[in-house]
Amino acid sequence: MTQKPYRLRLPGPTAVSQRVLDASARLVLNHRGPEFAQQLGEVNDMMRPVLGTKNDILVFACSGTGVMEAALANVLGKNDRILVLCNGQWGDRFIGIATSLNPNIDIDRIEVPWGEAIPIDALKARLDENQYAAVIAIHNESSTGVVGDLKAIGEAVKSTSALLIVDSISGAGGMELRQDEWGVDILVTGSQKALMCPPGLGIASVSDKAWKKVDEERGQIRFYWDFRKAREWAPKGQTAFTTPVTLIASLHEALTMIHEEGLDNVIARHAKLAAALRAGGTAIGFKVFPTAPMISDTVSVLTVPEGIDGVAIVKKMHTEHGSVIAGSRNALRGKIIRIGTMGTVTGDDIVTDIQHLEATLSDLGLDFESGAGVAAVEQALN
Ligand SMILES: *Cc1c(COP(=O)(O)O)cnc(C)c1O
């Protein structure tokens, strides 16, 4: 029996290499024993440069949303006011979390049309007008393909008492990240995106400025997510609660692979592959969706050609070719497609993506120059 091909090309979860899968199929370790302590310690050491931090790395068993909630649960007090920078679906997720944790919280937002960047002048003006407990930003807005200018945002927030909380769930490991230098106080990420592991781990890194707020009793509601418990256990090489040790083994392997390739090379590879995918897509009638100056190297968001239904593209890519790409579950439904370029992706994957897209567009009756997409990808790769 031949197995149908299955190419996981989503902006997360991403395809996981056999090497990383094998790592999780070894012995289940005692999470309070010396073997695990060593492994977790090495995960810490290998993760720090990926995030650009000297902070301890806190690991939780959860999806990305779990650590997004953890970040807020640890610092938001009863009468706080926060500012959320919204240019896609993940800013809205933070607003949902904040209101669930505390229905009385004051939430200001800077909202721009999807695909555009957050204007830094508007951020500065808000920071001059109000005192915020936290400013929340998204590094890689995977619903639109826009990258937040964390350096400029950090610069603006640094001199205020506000904490800068950043979701880099789909950025870390695929794009440059300098948490300490940019003044990011709480950075959260997840295992299933550019860190090329299966879903299941949420990772947080907390600055000294943020620890002060974590330590204050300000009416926070937290138990499992309590960063103070995580900090207490960290020096022993342990997590507060039973961690999914097999996923930690996978993360250890994935980080080893990242450092074997070299972090700079990994980041350059993501940039090159994303550029190649965009070049291939635009050669066959797609447009690059985001108009912001900084766009993603980990997900390509493409506007579908006029007259073609994006939902049909996603469906055909799966049923005819086994290529699993994403559409959109919101206002952009049918208008865009999204393909991950993060994790264990190679140039060959991008060529195959565009071959499958060309075949799909032909099936759907679009008139375009056959082979132009693949040629553009190959040119961009060489
Ligand atoms: C994928 C992604 C998430 C994912 O959250 P889950 O809870 O793991 O589904 C959050 N934020 C961003 C920016 C993402 O790209």
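Annotations for the structure displayed:
- In this simple spin-label approximation, Lys124 and Phe223 carry label points 7 Å from Cα along the Cα→Cβ vector, and these lie 4.6 nm apart.
- In sequence order, calculated HN-Hα J values of region 261-273 (Karplus, 6.51, -1.76, 1.60; Hz; x Gly/Pro): 5, x, 4, 4, 5, 4, 5, 5, 5, 4, 4, 5, 5
- In order through region 286-293: 3J(HN,Hα) via Karplus (6.51 cos²θ - 1.76 cosθ + 1.60), integer Hz, x for Gly, Pro: 7, 10, 6, 5, x, 10, 4, x
- Order of Lys78, Lys335 - criterion: other Cβ atoms within 10 Å of each residue's Cβ, fewest first: Lys78, Lys335
- Relative contact order computed over the chain (Cα-Cα under 8 Å; 6+ residues apart), in percent: 23 percent
- The lysines whose alpha-carbon is closer than 24 Å to the alpha-carbon of Lys335, local same-chain residues fewer than 8 away aside, are Lys193, Lys287, Lys315, Lys316.
- Efficiency of FRET from Cβ geometry, Glu116 and Ala375, R₀ 30 Å, rounded to 0.05: 0.45
- Between Ser142, Ser17, Ser362, the GNM of the chain built on Cα springs shorter than 10 angstrom shows Ser362 fluctuating the most.
- Qualifying aspartates and glutamates (Cα of each under 16 Å from Cα of Lys124; at least 8 residues distant if same chain): Asp108, Glu111, Asp149, Glu155
- DSSP beta bridge pairing in the chain, given as percent antiparallel to the nearest 5: 50 percent
Every read-out reported here was derived from the displayed coordinates using simple, explicitly stated rules and does not represent laboratory data. Since the structure is predicted, the reported quantities are computational estimates derived from the model, not experimental observations. Methodologically, a virtual Cβ is constructed for each residue, glycine included, from the backbone with ideal geometry; neighbour enumeration extends over all protein chains shown.
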